[in-house]
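Engineer: Okay, here's the structure, questions in a sec.
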Amino acid sequence: MSKFEQMVDAPAGSKFVLQGNQAFALGVMHAGYHSADGYPGTPSTEIIDKSLAKVQDRINVGWSVNEAVSVAVGVGRAIAGDDTLVTMKTPGALQAGDTITTAAFYHAPAGALVLLVASDYAPSSTQHVIDLKYLFASSRIPVLEPRNHQEMYELPRHAADISRKFNTPVVILANGILCHSEALIETGESRKVGRRDVSKDLKNWMGMPYLARLGYNKATTERIPQLSQWLESSTLVTETEGTEDWSIIAGGESNIIVAEALKTLGCKPAILSLAALYPIPETRITEFCAKSKGKVLVFEDGDKFLEEKIRLLGMDVVSKGKFSTITEWTPESVIDHIIKHVESVNFVQPESRKLELPPVIRPPSICPGCPYRALGLTVDKLRKQGKIFSSFGDIGCSTLLYFLNAIDTCLCMGASDAMRQGFVLSRPEYASKTLSVVGDSCECHSGLDATRNSVFRNVPGVKIVLDNCITAMTGGQPAPSSSSNLAGIPNKFSLRKALEAEQARVVVVDSYDIAAVEKALVEALERAKTGEFSVLLLEGACINEVASKQKVPDLTVNGDLCKQCGKCNMCPGIELDEERNPHFTSLCSNCAGGMQVCMQLCSFGAIEGISESGALHAADLQGVLQHRQESKKVKMDRCSLPESLRLAIRGIGGQGNLFFGKILADMMLNTPYAETHIVKGDTHGMAQLGGPVISTFSCGDVHSPVLAPGSADVLVVMEMSEVLRPGFLELLKPGGTIIFNTFRALPPNIKKENYPQLADVNRTLDGYKVITIDANKVAYDLNDKTGKTANVVVLGLLSTVAPFNQVPEEIWLNSLMSHSPNDNVKSANYIAFKGGASHDQ
């Protein structure tokens, strides 16, 4: 039985630390939904992928080829009587815009239709900071915004009830920070909901123009006024009294950000908190503003939707400003805003420390061993030879080829070849020097339309489809190009046959074979001169879907043959030392055991295979666990613990930050902090291997996964240069501690002289309390030659650092062992933890 299934069956009142998406999925199950559909899109994917997919015997769930199809599937399910969920992110809602806005004006009784749309106002994983409340409001679709993780769990029930009561689709617009951070939630009673009977007359779902007008009129004059009145007494609107002469109206996720800021300020204004953003409870808002003796400040995600609605009521409020670019508040920006507009608040923000050393430029990168790298290197080479002028890119992992000089543009999913076509139609002379690049899931999503259009319009040129048989960027969900669907049913669809059916010239190439990739691309560009359109299908499995044993590095560099030419320095899995001698890093994934790209690039045969990887083996670990028996739960006195604990971790993707935070969150469930609150935040968006990432953890009297300046007890630095990231040192409270790992990871192609020296970084940290450790060396000395347990070494060290040392070691170890999947991993992690805990401070 999966962990999610166990949570579904857990009794009411159970407590879990869950990612917002998992909490939402658990709420869907406990609310009695019958079906769920969607298209993978960060930050919404885990609702289905990591959660509902685990209980397919209890709910009918699946991925569709794109969001428009998914919404239409959801409408059909609702007509059939199902309470139905459809998931997507902001661009997905726009892609499905026609379907959503047409379905908005159906008003016949049916099953609930709830759309979870994950916003990304940073943005971190989309190209959109658009506030969709304007679109949904003009479509007369009610919009709910969860205020915290508990409400991520509770809103599916509210939304389904509203949908059935008012015969309307309902949008839950969830902020990406909530979706991808974790916090403590408590479950309620689970319920079963019967399906509604199928209507005998499906003509109620006809969308002819005159019927659409009638539907719009009915929604405008009946649905929204009735819903607005209902909200006046709903728990989706709450009010707390305050002691200040100024007040706050906060919508959605901004509530927890505001709460974190107010904790820092020591202020307690009255707050009107809204989880319903359209329609708004007009009477509650008017009365609240009338009671306020001073200014009323409005905080909301996105644009100024809530502010504008309040101003239409004749209320004068203070907002982010007419031309403000704030779309997502942070505790720091909330504090600044309050200080600026409320004279009675006297607070001085911690000064930003100007660092002499700039942070290392570390753009998001495709993973070490990614099958796309050979194409990136090939396109860059042909550009330099003048054979390629431009390359039109697409959404997904292939977008990261921008940093390899392999693509120039990115518009939206499936648009790359349509853009190429438009360019070539206007400039025919570039047909043989222009190409497009798209991933397999994007091609199946909407790219096939452009393939068909190129054949239909007779536009010559080259389209490259990178087929890794999965929806990779969002975490490895099945696509039509995969071998099976979400239910495990073998897939009959063939991407190759679909492309051939469009009557394009299709050439299949091994994506790891650099010579074959270059040969096929050069030939296709030549054929474009004669008016031919070619599709190159580059096949190679996503490195994250390959078995671990195939990713164990088995390469070495023969120093006698190496000429220090630097050609191999093109991947985070390999770097050069001071004398330009290459060596493999802990990030090397062996190109999935296939044709290693670095070996192909070496003209001197200096990169050779080896038989032993140097990883920890079962024989090395035999008997370690015999020295430790599973202990009973350790009782702790709440009075002996601080009011709260806060921590921030900086490193690069692949160093185990997520695992680090998972252990902290899990272990605090076995302390008195389980009776207060536990919150964990992680980089949401392009946290690729080798890219910069930040994680936060807090427990006790805490609110937000985004920390306020001067609030962290400990900062952990997993890669030495990452301590230089703007705003990171400012998170540390006076007297706090920095755990500084001296591990260094150079981004590909960066020169040694452009990377900060350890002595210079140490001078930057003068005046701070710093504990220095070379965690990777400690792991190596403990016989972990890969350095994979370096994060556990640092975890062990943290367990000895105040105030985290007030949690007994047994609680740390119990949590660590419970998240180690087998005895070998348990032993390796135990050794690493103890090694860190015994490190001299």
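Engineer: Out of Val522, Val508, which single residue is aliphatic (A, V, I, L, M), assigned to a strand (DSSP E or B) and open to solvent by 30 Å² or more (accessible area, probe 1.4 Å)?
Structural biologist: Details: Val522 fails: assigned to a strand (DSSP E or B).
Selected residue: Val508, the only one of Val522, Val508 that is aliphatic (A, V, I, L, M), assigned to a strand (DSSP E or B) and open to solvent by 30 Å² or more (accessible area, probe 1.4 Å).
Quick grid of which residues meet (1) on the phi < 0 side of the Ramachandran plot; (2) modelled with pLDDT of 95 or more; (3) not aromatic (Phe, Trp, Tyr):
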site	(1), (2), (3)
Ala415	yes, yes, yes
Gln421	yes, yes, yes
Leu425	yes, yes, yes
Lys433	yes, yes, yes
Asp449	yes, yes, yes
Gly488	no, no, yes
Lys492	yes, no, yes
Lys497	yes, yes, yes
Gln503	no, yes, yes
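Engineer: Restricting to segment 528-573, and then to whatever is assigned to a loop (DSSP other than H, G, I, E, B) and β-branched (Val, Ile, Thr), can you tell me which residue is least open to solvent (accessible area, probe 1.4 Å)? Spell out how you get there, then give the answer.
Structural biologist: Just the residues of segment 528-573 that are assigned to a loop (DSSP other than H, G, I, E, B), to begin with: 529-532, 540-542, 546-547, 552-554, 558-573.
Now narrow it down to the ones that are β-branched (Val, Ile, Thr): 530, 546, 552.
Details: Thr530: 115, Val546: 22, Val552: 55 Å².
For segment 528-573, the residue satisfying everything is Val546.
Engineer: Within segment 790-836, how many residues are surrounded by fewer than 19 Cβ atoms within 10 Å (Cβ to Cβ), within 15 Å of Val716 (Cβ to Cβ) and free of Cβ contacts under 8 Å to residues at least 60 places away in the same chain?
Structural biologist: So the answer is 2.
Engineer: Just need a number here: residues in segment 647-699 that are within 21 Å of Gly396 (Cβ to Cβ) and either of a type in the set (S, T, N, Q) or at pLDDT 95 or above (or both).
Structural biologist: Of the residues in segment 647-699, 2 are within 21 Å of Gly396 (Cβ to Cβ) and either of a type in the set (S, T, N, Q) or at pLDDT 95 or above (or both).
Engineer: Please verify whether Ser603 is loosely packed, with under 12 Cβ neighbours inside 10 Å, at pLDDT 85 or above and of a type outside the set (D, E, K, R), treating the condition exactly as stated. Give the derivation first.
Structural biologist: Values: loosely packed, with under 12 Cβ neighbours inside 10 Å: yes; at pLDDT 85 or above: yes; of a type outside the set (D, E, K, R): yes.
So Ser603 fits the description; yes.
Engineer: Another question, then. Of all the residues that make up segment 66-77, how many are open to solvent by less than 20 Å² (accessible area, probe 1.4 Å), over 16 Å from Gly207 (Cα atoms) and in contact with a strand residue (DSSP E or B) (Cβ under 6 Å, 6 or more places away or on another chain)?
Structural biologist: Counting residues in segment 66-77 that are open to solvent by less than 20 Å² (accessible area, probe 1.4 Å), over 16 Å from Gly207 (Cα atoms) and in contact with a strand residue (DSSP E or B) (Cβ under 6 Å, 6 or more places away or on another chain) gives 3.
Engineer: Right, something else. Just to verify a result, which residue in segment 455-493, among those that are more than 29 Å from the chain's Cα centre (by Cα) and either among the polar types (S, T, N, Q) or under 19 Å from Met413 (Cα atoms) (or both), is surrounded by the fewest Cβ atoms within 10 Å (Cβ to Cβ)?
Structural biologist: Applying the first criterion (more than 29 Å from the chain's Cα centre (by Cα)) to segment 455-493 yields 455-462, 492.
Subset that is either among the polar types (S, T, N, Q) or under 19 Å from Met413 (Cα atoms) (or both): 458, 462.
On the way: Asn458: 9, Val462: 30.
Checked segment 455-493; the qualifying residue surrounded by the fewest Cβ atoms within 10 Å (Cβ to Cβ) is Asn458.
Engineer: Looking only at segment 363-371, decide whether some residue is out of contact with any Gly (no Cβ under 6 Å at 6 or more places or on another chain) and surrounded by fewer than 24 Cβ atoms within 10 Å (Cβ to Cβ).
Structural biologist: Taking segment 363-371 and keeping what is out of contact with any Gly (no Cβ under 6 Å at 6 or more places or on another chain), we get 363, 366-367, 369-370.
Narrowing the set further to residues that are surrounded by fewer than 24 Cβ atoms within 10 Å (Cβ to Cβ) leaves 363.
Scanning segment 363-371, I find at least one residue that is out of contact with any Gly (no Cβ under 6 Å at 6 or more places or on another chain) and surrounded by fewer than 24 Cβ atoms within 10 Å (Cβ to Cβ), so the answer is yes.
Engineer: So Asp760 ticks every box in (1) crowded, with 17+ Cβ neighbours inside 10 Å; (2) more than 29 Å from His677 (Cβ to Cβ); (3) not small (Gly, Ala, Ser) but one. Which box is left unticked?
Structural biologist: Evaluating Asp760 over (1) crowded, with 17+ Cβ neighbours inside 10 Å; (2) more than 29 Å from His677 (Cβ to Cβ); (3) not small (Gly, Ala, Ser) leaves (1) as the failure.
Engineer: Just give me the residues in segment 184-201 being within 28 Å of Val679 (Cβ to Cβ) and among the hydroxyl-bearing types (Ser, Thr, Tyr), in sequence order.
Structural biologist: Residues satisfying the conditions are Thr187, Ser190.
Engineer: Which number in (1) part of a strand (DSSP E or B); (2) farther than 23 Å from Ala110 by Cα marks the one condition that Asp37 misses?
Structural biologist: (2)
Engineer: When you check Val360 against the structure, is it in contact with a helix residue (DSSP H, G or I) (Cβ under 8 Å, 6 or more places away or on another chain), open to solvent by less than 30 Å² (accessible area, probe 1.4 Å), among the hydrophobic types (A, V, I, L, M, F, W, C) and under 26 Å from Asn148 (Cα atoms), yes or no? Walk me through it before giving the result.
Structural biologist: On the way: in contact with a helix residue (DSSP H, G or I) (Cβ under 8 Å, 6 or more places away or on another chain): yes; open to solvent by less than 30 Å² (accessible area, probe 1.4 Å): yes; among the hydrophobic types (A, V, I, L, M, F, W, C): yes; under 26 Å from Asn148 (Cα atoms): no.
No: the conditions fail for Val360.
Engineer: Hey, another quick one. Go through segment 398-410 and count every residue that is closer than 11 Å to Val438 by Cβ and surrounded by fewer than 23 Cβ atoms within 10 Å (Cβ to Cβ).
Structural biologist: Counting residues in segment 398-410 that are closer than 11 Å to Val438 by Cβ and surrounded by fewer than 23 Cβ atoms within 10 Å (Cβ to Cβ) gives 2.
Conditions tested, residue by residue: (1) touching a helix residue (DSSP H, G or I) at 6+ places or on another chain (Cβ under 9 Å); (2) open to solvent by less than 30 Å² (accessible area, probe 1.4 Å); (3) among the hydrophobic types (A, V, I, L, M, F, W, C).
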| position | (1), (2), (3) |
| --- | --- |
| Arg223 | yes, yes, no |
| Gly251 | yes, yes, no |
| Leu262 | yes, yes, yes |
| Ala270 | yes, yes, yes |
| Ser273 | yes, yes, no |
| Gly294 | no, no, no |
| Phe299 | yes, yes, yes |
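A quick yes/no check of all residues on (1) open to solvent by 10 Å² or more (accessible area, probe 1.4 Å); (2) closer than 22 Å to Gln19 by Cβ; (3) under 24 Å from the mean Cα position of the chain (by Cα):
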{"site": "Gly700", "(1), (2), (3)": "no, yes, no"}
{"site": "Leu707", "(1), (2), (3)": "yes, yes, yes"}
{"site": "Gly710", "(1), (2), (3)": "yes, no, no"}
{"site": "Val716", "(1), (2), (3)": "no, yes, yes"}
{"site": "Leu724", "(1), (2), (3)": "no, no, yes"}
{"site": "Gly727", "(1), (2), (3)": "yes, no, yes"}
{"site": "Leu732", "(1), (2), (3)": "yes, no, no"}
{"site": "Thr737", "(1), (2), (3)": "no, no, no"}
{"site": "Phe740", "(1), (2), (3)": "no, no, no"}
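Engineer: Taking Ser44, is it over 23 Å from Ser125 (Cα atoms) and either surrounded by fewer than 22 Cβ atoms within 10 Å (Cβ to Cβ) or hydroxyl-bearing (Ser, Thr, Tyr) (or both)? I'd like the intermediate steps shown before the answer.
Structural biologist: Working: over 23 Å from Ser125 (Cα atoms): no; either surrounded by fewer than 22 Cβ atoms within 10 Å (Cβ to Cβ) or hydroxyl-bearing (Ser, Thr, Tyr) (or both): yes.
So Ser44 fails the test.
Engineer: Follow-up question, since we're still on this one. Kindly evaluate Val379 against the criterion of being within 30 Å of Leu525 (Cβ to Cβ) and not in a loop (DSSP other than H, G, I, E, B).
Structural biologist: On the way: within 30 Å of Leu525 (Cβ to Cβ): yes; not in a loop (DSSP other than H, G, I, E, B): yes.
Considered against the rule, which asks whether it is within 30 Å of Leu525 (Cβ to Cβ) and not in a loop (DSSP other than H, G, I, E, B), Val379 comes out as yes.
Engineer: Then there is this: Name every residue in segment 20-33 that is surrounded by 24 or more Cβ atoms within 10 Å (Cβ to Cβ) and outside any helix (DSSP H, G or I), in order of residue number.
Structural biologist: Hits for segment 20-33 are Ala31, Tyr33.
Engineer: While we're here: Among the residues of segment 382-423, write down those that are touching a residue at least 40 places away in the same chain (Cβ under 8 Å), outside any helix (DSSP H, G or I) and in contact with a strand residue (DSSP E or B) (Cβ under 9 Å, 6 or more places away or on another chain).
Structural biologist: Within segment 382-423, Ile388, Phe389, Ser390, Ser391, Phe392, Gly393, Asp394, Ile395, Gly396, Cys410, Met413 meet the criteria.
Engineer: Restricting attention to segment 84-98, report how many residues are open to solvent by 10 Å² or more (accessible area, probe 1.4 Å) and either within 17 Å of Lys218 (Cα to Cα) or in contact with a Ser or Thr (Cβ under 8 Å, 6 or more places away or on another chain) (or both).
Structural biologist: Summing the residues that are open to solvent by 10 Å² or more (accessible area, probe 1.4 Å) and either within 17 Å of Lys218 (Cα to Cα) or in contact with a Ser or Thr (Cβ under 8 Å, 6 or more places away or on another chain) (or both) in segment 84-98 gives 3.
Engineer: Tell me the residue from Phe288, Phe299, Phe305 that is in contact with a Phe, Trp or Tyr (Cβ under 8 Å, 6 or more places away or on another chain), among the aromatic types (Phe, Trp, Tyr), touching a residue at least 24 places away in the same chain (Cβ under 8 Å) and more than 19 Å from Leu227 (Cβ to Cβ), please.
Structural biologist: Numbers: Phe288 fails: in contact with a Phe, Trp or Tyr (Cβ under 8 Å, 6 or more places away or on another chain); Phe305 fails: more than 19 Å from Leu227 (Cβ to Cβ).
Going through Phe288, Phe299, Phe305 in turn, the sole match is Phe299.
Engineer: So if I check each of Thr671, Thr676, which one is crowded, with 19+ Cβ neighbours inside 10 Å and of a type in the set (Ser, Thr, Tyr)? Give the steps one after another, and end with the answer.
Structural biologist: Working: Thr676 fails: crowded, with 19+ Cβ neighbours inside 10 Å.
One residue alone meets the criteria, Thr671.
Engineer: Assuming Gln229 fulfils every condition listed in (1) outside any helix (DSSP H, G or I); (2) open to solvent by 100 Å² or more (accessible area, probe 1.4 Å) apart from one, which condition is it?
Structural biologist: (1)
The values are calculated or read from the model by the stated rules, or taken from the named source; none is laboratory data. Keep in mind it's a predicted model, so treat the numbers as computed, not measured. Note: ideal-geometry Cβ built from the backbone for every residue, glycine included; neighbour counts use all protein chains shown. Heavy atoms of the whole protein, side chains included, go into the accessibility calculation; ligands, DNA and RNA do not. Shrake-Rupley method; radii C 1.70, N 1.55, O 1.52, S 1.80 Å.
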